[in-house]
Amino acid sequence: METEVLKEFKKHSIFRLKEGLRMVQKAMELVSDDQLWKLPVEGGMTLGNQLLHCSGNMRQYIIASLGKQADSRKRDEEFKINQQLKKKALIVQLNNTVESSIQIIENTGIEEYLKIRKVQGFSFSGLGAVLHAVEHFSYHVGQLAFWVKFLTHQDLGFYEGIDLTENNENNAN
């Protein structure tokens with residue numbers, strides 16, 4: 001029987017992946033295919049590379065590792081500028097990767113979440129692999145958002161219509 005803690009972990013991991021994807025999609029609406037491959041600084045990552053890298057990392061840590069599928073990641077390719085790749089195709093790829101990851105997170109049992117596995121040379125439980133992939137994606141969503149703001153000089157409106165100044169409820173008695 002799945003524990004309540006694992007159910008919460010799954011729920012919030014999925015929420016973070018969906019939230020990150022929503023933010024990426026919203027930000028990417030503001031940039032052109034030409035801006036997709038513009039370097040922020042020498043040695044930096046273009047928006048296109050960010051999208052490729054997020055998909056590659058998530059496929060390796062969740063789909064291949066937790067989902068027990070072949071690991072065909074070619075990490076070095078994620079950092080090469082390939083202007084033949086268009087924004088729409090990269091967004092579709094990321095969307096498919098996130099959706100596949102969500103299915104695996106939802107359908108994996110507690111035994112696989114506790115099992116230790118090697119990923120990218122590190123030893124992680126399934127919990128650790130998902131935690132890594134989610135935090136890694138969030139990290140790159142922040143980088144991507146910063147670069148889009150810099151390129152477009154626009155507020156991305158991630159939280160339009162939500163009052164973020166509302167204080168937390170105090171449930172202590």
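A short reminder: the numbers here are calculations on the coordinates, not readings from a lab. Computed from a predicted structure; not experimentally measured. Because the Cβ atoms are built from the backbone with ideal geometry, glycine has one as well, and the counts that use them run over all protein chains shown.
For the chain, the dipole from Cβ point charges (+1 on Lys and Arg, -1 on Asp and Glu) about the Cα centre works out to 680 debye, to the nearest 20.
Counting lysine pairs in the stretch 1-77 whose alpha carbons fall under 27 angstrom apart, excluding pairs fewer than 8 residues apart on the same chain, gives 13.
Normalised by the number of residues in the chain, the mean separation of alpha-carbon contacts (under 8 Å, six or more apart) gives a relative contact order of 31 percent. Comparing mean-square fluctuations of 64, 89, 133 from a GNM of the chain with C-alpha springs under 10 Å, the top value falls on 89. Diffusion coefficient of the stretch 1-146 by Stokes-Einstein, Kirkwood radius over Cα pairs, 10 °C, 1.306 mPa s: 101 µm²/s.
3J(HN,Hα) couplings calculated from phi for the stretch 165-170 with the Karplus curve 6.51 cos²θ - 1.76 cosθ + 1.60 (θ = phi - 60°) are, in sequence order, 8, 5, 7, 5, 7, 9 Hz; Gly and Pro show x. Listing 24, 41 from fewest to most neighbouring C-beta atoms within 10 Å gives 41, 24.
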